[in-house]
Amino acid sequence: MRGLVIKSTGSSYIVRTDDGSVVECHIKGNFRIRGIRSTNPVAVGDYVNVQRDKVQCTKEDGNSVYWITDVEPRRNYIIRRSTNLSKESHIIAANIDQVALIVTINHPETSTTFIDRFLATCEAYRVPAVLIFNKIDLLSWDERTRLEELRALYGSIGYETIELSAISLRPSDILPLLAGKTTLLSGNSGVGKSTLLNALFGREMTRTGKISDAHDRGMHTTTFSEMYELDVQGDKGQGTRDKISYTKGWLIDTPGIKGFGTIDFEREEVSHYFREIFRTSAGCRFSNCTHTNEPGCAVVEAVETDQIALSRYESYLSILGDCTETKYR
Ligand SMILES: Nc1nc2c(ncn2[C@@H]2O[C@H](COP(=O)(O)OP(=O)(O)OP(=O)(O)O)[C@@H](O)[C@H]2O)c(=O)[nH]1
Ligand SMILES: [Mg+2]
Ligand SMILES: [Zn+2]
């Protein structure tokens, strides 16, 4: 029987089968997928084949025992290393149409390194990414300026950005973005992924947590990835102009992540995942320029003349550093 993995708990998977039932499934210890080494061979968003155990038909709770026997080839996936130098990799989700990276200027502060590493991975795995700046209700004057700078920066590179406040969300601000798509919500802990999800559904689908007073960080409230089917009746908050309509799609809420270790990048290809660096590199003297200390490097020149943001260049160098560490150690 075919089904869609809608939740992974580490030890088991919740699968919605094509006939509409929802079953808990396990995988056998020796289950592997060719070509990908990851801590989780099956991820949320995967289409799988499940089989009921013929011998051990029912568990103590009366439910059947199901095994995942096969995973269908993935259209795409997003993968990260748990820490920058760790060898373990983790597939965050599979078969997605876009990533909405939720970022906050403050409470907690999302670093540009984190944003850029995430975006580079999206480029490498060819998944469109949108930046959602959340918690705009909390911004001081200076922070508002920072928000505008960052939106201008990422907008100029070619990324769509939106700003909102999940605690007073107008669904119309974001529903057009989500319609008909499977969207992965990701970002640091505490940026408001689950709050946004709940606001969109108009009820508490999943738990949210406080920001710690001591560290101004999230407390890792969401512990497992889960996929939710969106079926929202159109926006009524905008006066009478708006017609009632339905927005369908899927949203994947994920546990907040700290660092974002990129994976499997060759040194030469890192610049391909920074759109503006890649565009500019056409002007470098050497075709295999790494944009570090080669003469005639158009990228370094663009950084010096503020055509390329220093923060982006530093993120580029940090990923290049990872490649060196893992490949040439
Ligand atoms: N002021 C304000 N608070 C917000 C907003 N969005 C979320 N929060 C608060 O931020 C805290 C963390 O929100 P969560 O939705 O749990 O964050 P998360 O990204 O799901 O965090 P993890 O599950 O730990 O990854 C909660 O106290 C929310 O109420 C917002 O737009 N404005
Ligand atoms: Mg959460
Ligand atoms: Zn160069």
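With the structure loaded, tell me whether residue 180 is free of Cβ contacts under 8 Å to residues at least 40 places away in the same chain, surrounded by fewer than 20 Cβ atoms within 10 Å (Cβ to Cβ), on the phi > 0 side of the Ramachandran plot and more than 16 Å from ligand 3 (Cβ to nearest atom) or whether it fails that test. Steps first, answer last, please.
On the way: free of Cβ contacts under 8 Å to residues at least 40 places away in the same chain: no; surrounded by fewer than 20 Cβ atoms within 10 Å (Cβ to Cβ): yes; on the phi > 0 side of the Ramachandran plot: yes; more than 16 Å from ligand 3 (Cβ to nearest atom): yes.
Criteria not met by residue 180.
For residue 49, state whether it is at pLDDT 85 or above, polar (S, T, N, Q) and closer than 21 Å to residue 118 by Cβ. Write out each step before concluding.
On the way: at pLDDT 85 or above: yes; polar (S, T, N, Q): yes; closer than 21 Å to residue 118 by Cβ: no.
Against the criterion (at pLDDT 85 or above, polar (S, T, N, Q) and closer than 21 Å to residue 118 by Cβ), residue 49 does not qualify.
Given the criteria away from ligand 1 (no atom under 12 Å from the Cβ), of a type outside the set (Asp, Glu) and surrounded by 20 or more Cβ atoms within 10 Å (Cβ to Cβ), does residue 196 qualify? Steps first, answer last, please.
Values: away from ligand 1 (no atom under 12 Å from the Cβ): no; of a type outside the set (Asp, Glu): yes; surrounded by 20 or more Cβ atoms within 10 Å (Cβ to Cβ): yes.
Against the criterion (away from ligand 1 (no atom under 12 Å from the Cβ), of a type outside the set (Asp, Glu) and surrounded by 20 or more Cβ atoms within 10 Å (Cβ to Cβ)), residue 196 does not qualify.
With under 20 Å from residue 91 (Cα atoms), among the β-branched types (Val, Ile, Thr) and either within 16 Å of ligand 2 (Cβ to nearest atom) or not assigned by TED's automatic domain parsing to the domain that holds residue 135 (or both) as the only criterion, which of 195, 183, 208 stands out?
Answer to the check: 183.
Among (1) part of a loop (DSSP other than H, G, I, E, B); (2) touching a residue at least 12 places away in the same chain (Cβ under 8 Å); (3) not aromatic (Phe, Trp, Tyr), which single condition is residue 185 missing?
Only one criterion is unmet by residue 185, namely (1).
Exactly one of (1) touching a helix residue (DSSP H, G or I) at 6+ places or on another chain (Cβ under 9 Å); (2) of a type in the set (Ser, Thr, Tyr); (3) more than 12 Å from ligand 1 (Cβ to nearest atom) is unmet by residue 172. Its number?
Exception for residue 172: condition (1).
Select from the range 12-33 the residues that are farther than 12 Å from residue 67 by Cα and not acidic (Asp, Glu) and list them in ascending order. Spell out the reasoning first.
Taking the range 12-33 and keeping what is farther than 12 Å from residue 67 by Cα, we get 16-22, 30, 32-33.
Across the range 12-33, the qualifying residues are 16, 17, 20, 21, 22, 30, 32, 33.
The values are calculated or read from the model by the stated rules, or taken from the named source; none is laboratory data. Since this is a predicted model, take the numbers as computed values, not measurements. Backbone-built Cβ (ideal geometry, glycine too); neighbour counts: all protein chains shown.
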